[in-house]
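Input: a single structure, listed below in structure tokens.
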Amino acid sequence: MYYRSFSPGQPCDYCHTHKTRQIYYQPEPNFWMVMIVGVPYIYKERDGNKYQNDEVSSNVCQAILKQTYMMFRLFMGSFETIINDPECGSVMLLKLKLEHFYSRIKYKLIKLDMNMCFYCYLLSLKLNNSDILDVFQGLQFLPLDKITFLKVQCFMNLVEAMFTQVKYTAFLYNDQVVWSGLEPEDMQVVYNYLVSTLLPAHLEKELHGGSIPRNSPSPFTSSHYGKFVTGPASVNEPSLIGKSPKVFINYSTKPVSLYLVVYRALSATICLFVDKKTSLLIDFFKSLDGFLGPQLTTLVSSVAEQCSKHVIVTPESCTKYLYFNKLNLAYKSTIHLDNRRCSNVLTTPEVLRIITDIYNDRNRLKEAGEVIIKTISDYWVIGKLSNLREFFVVIQQKSASIIEIDDEVKRLCEKQLKSIFFH
């Protein structure tokens with residue numbers, strides 16, 4: 001690209017103009033993706049348009065661009081594998097798949113050759129709600145006691161033993177990861193798809209009474225509350241078998257294509273990654289439903305009981321924090337009310353931008369360090385880095401001194417992150 005003429009040894013990730021922000025990303029050798037974002041502006045009669053450059057974070061935009069590639073690769077495969085497909089691979093095939101995935105009209109269902117219907121992916125992105133969480137692309141883990149966690153782990157191992165077609169599994173409760181057999185990088189993308197697209201759409205369908213056909217038998221027996229999110233709407237109606245999407249994972253070792261079967265009971269979600277050679281007939285789904293439903297319904301009760309013991313009601317005015325562990329991609333946030341990018345945040349856009357700026361400057365801190373910033377609106381924003389773990393604290397105290405703020409951060413670390421951070 002042209003930037004090599006000016007700086008051969010340095011990458012070019014962004015190009016800033018007066019009206020736009022251009023983002024560059026090279027996902028694979030010889031392939032580049034470019035995203036152009038318009039800079040918002042305020043019209044003033046005397047001065048004309050005044051562009052708000054600080055409103056656009058290049059780092060967040062590049063994270064979004066990477067997400068678009070990772071999601072495409074999850075369902076379509078890498079650019080290289082599409083072009084080199086021994087049966088029908090070509091540049092034209094890649095163009096068609098890109099067009100299918102990225103360029104259709106909102107709310108129009110598109111049938112792809114992977115037997116899956118998709119809403120326009122680009123228009124589903126919540127760019128206005130994007131922030132540092134999109135940069136982290138972390139996983140929210142559910143802390144459980146050892147006994148309950150072992151129950152979940154043993155259950156998932158039993159599923160893989162009983163159904164040899166199932167190669168990997170994952171278990172979520174209330175959109176939080178309890179168990180995953182995938183590599184963290186693969187689970188990162190699958191998790192994003194589940195909590196931002198698939199599960200919200202499924203819950204909305206349930207709320208509108210569309211998950212069970214009105215004139216057909218119940219898709220589950222009275223002994224359990226399980227149902228398929230991908231797959232048959234009813235195991236009693238072969239005509240309603242539906243489609244389970246194929247996904248491509250394991251790019252760090254040997255890429256493999258598997259069916260993604262998602263099953264849900266109460267607040268628990270199970271992901272089954274099934275060998276693509278398996279015939280997904282109604283008998284297979286009946287066997288899964290008969291095994292998963294009763295046991296999962298019982299297991300969810302144990303998980304829910306443990307979660308209820310650790311529910312902490314925090315006052316609205318308390319200190320907010322965001323923690324991210326780069327080693328296992330775990331994050332925890334009291335700034336964000338949920339992980340579905342619905343603008344449910346308990347701080348201002350200015351504070352979120354400052355957190356992103358601190359993160360962008362982390363290279364100056366090298367392996368460890370701390371940054372403290374006070375805003376004009378009396379917010380204290382603290383960023384700490386150590387051992388590949390990052391911790392951001394937001395405190396609104398107008399009259400507090402920097403010593404008092406430092407003491408508050410230490411107390412918070414001791415209470416929330418004891419033995420795993422700065423200790």
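Structure notes:
- The residues of region 289-326 that are more than 27 Å from Tyr263 (Cα to Cα) and at pLDDT 90 or above, listed by number, are Lys320, Tyr321, Leu322, Tyr323, Phe324, Asn325, Lys326.
- Residue that is nearest to Thr269 (Cα to Cα), among those in region 148-195 that are among the aromatic types (Phe, Trp, Tyr) and without any contact (Cβ under 8 Å) to a residue 40 or more places away in the chain: Trp179
- Check on Val135, surrounded by 15 or more Cβ atoms within 10 Å (Cβ to Cβ), at pLDDT 95 or above and either assigned by the TED database to the domain that holds Met76 or β-branched (Val, Ile, Thr) (or both): no
- Residue selection: Ser124 satisfies the criterion of being modelled with pLDDT under 85 and either under 30 Å from Asp357 (Cβ atoms) or crowded, with 19+ Cβ neighbours inside 10 Å (or both).
- Subset of region 374-419 (residues that are loosely packed, with under 13 Cβ neighbours inside 10 Å and among the aliphatic types (A, V, I, L, M)): Ile376, Leu388, Ile402, Ile403
- Matching residues, region 386-398, being more than 23 Å from the chain's Cα centre (by Cα) and in a strand (DSSP E or B): Ser386, Val394, Ile395, Gln396
- Scanning region 339-373 for residues that are modelled with pLDDT of 80 or more, surrounded by 14 or more Cβ atoms within 10 Å (Cβ to Cβ) and not in a helix (DSSP H, G or I) gives Val345, Leu346, Thr347, Thr348, Glu370, Val371, Ile372, Ile373.
- The number of residues in region 73-93 that are out of contact with any strand residue (DSSP E or B) (no Cβ under 9 Å at 6 or more places or on another chain) and part of a helix (DSSP H, G or I) comes to 5.
- Taken together, Ser78, Ser57 contain a single residue that is over 26 Å from Tyr251 (Cβ atoms), in contact (Cβ under 8 Å) with a residue 60 or more places away in the chain and within 23 Å of the chain's Cα centre (by Cα), which is Ser57.
- Residue match in region 159-177 (condition: surrounded by fewer than 18 Cβ atoms within 10 Å (Cβ to Cβ) and of a type in the set (A, V, I, L, M)): yes
- Per this entry, Gln22 is counted among residues that are under 27 Å from the mean Cα position of the chain (by Cα), assigned to a strand (DSSP E or B) and surrounded by 13 or more Cβ atoms within 10 Å (Cβ to Cβ).
- Given (1) modelled with pLDDT of 90 or more; (2) loosely packed, with under 10 Cβ neighbours inside 10 Å, index of the condition Val60 fails: (2)
The values are calculated or read from the model by the stated rules, or taken from the named source; none is laboratory data. Since the structure is predicted, the reported quantities are computational estimates derived from the model, not experimental observations. Note that we place each Cβ from the backbone using ideal geometry, even for glycine, and neighbour counts take in every protein chain shown.
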